[in-house]
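Bear in mind these aren't lab numbers, they're just calculated from the coordinates by the rules spelled out. The model shown is predicted, which means the values in this text are computed figures rather than measured ones.
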Amino acid sequence: MRRPLEPGQDLSIRSTQRLADAGAVTSVGSRGDSYDNALAETIIGLDKTELIRRRGPWKGLDQVEHATLEWVDWFNHRRLLEPIGHLPPAEFEAATTEGRIPAAPPDSSTQASDKPRAVQ
């Protein structure tokens, strides 16, 4: 006997099945696990904060979809990310895939001090 589904669980199961049917590969762990959900929720939150609320009001769904595609392109190809040397994520990924490790400029704000008793 199966236990009853929790609220929202049915949607998660259907979403996971649709991804599997499309041949999508999960990034970490098993399909539909908390790591994948947390990553998706983080990106959705960023999209809402940086795009939807900041650039609205919107005239329709088509306008939101087009703006979202532009934002995703910027997020992957033009956003400069400090932890990877102020490079866009797509450029860093391409370099590491080719076996090149881009040189990250030293950033004194993230390095520990070598002075005794220094506040970190």
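Over the alpha carbons of segment 59-102, what is the largest minus smallest coordinate on each principal axis, giving the biggest first in Å?
Dimensions of segment 59-102 along the principal axes of its Cα atoms: 44, 19, 9 Å.
Would you mind calculating the relative contact order of segment 59-102 from Cα pairs under 8 angstrom and at least 6 residues apart, reporting the percent as a whole number?
Across segment 59-102, relative contact order equals 22 percent.
Quick one: which residues, 5 or more positions from L87 or on another chain, have an amide H under 5 Å from its amide H? H modelled 1.01 Å from N in the peptide plane, none for Pro or chain starts.
Placed amide hydrogens put L81 under 5 Å from L87.
Just subtract the alpha-carbon distance of R14 and T97 from 0.36 nm times their residue separation and send over the number in nm, one decimal. Please report the intermediate quantities before stating the final value.
Numbers: separation 83, 0.36 × 83 = 29.88 nm, distance 3.33 nm.
Answer, rounded to one decimal: 26.6 nm.
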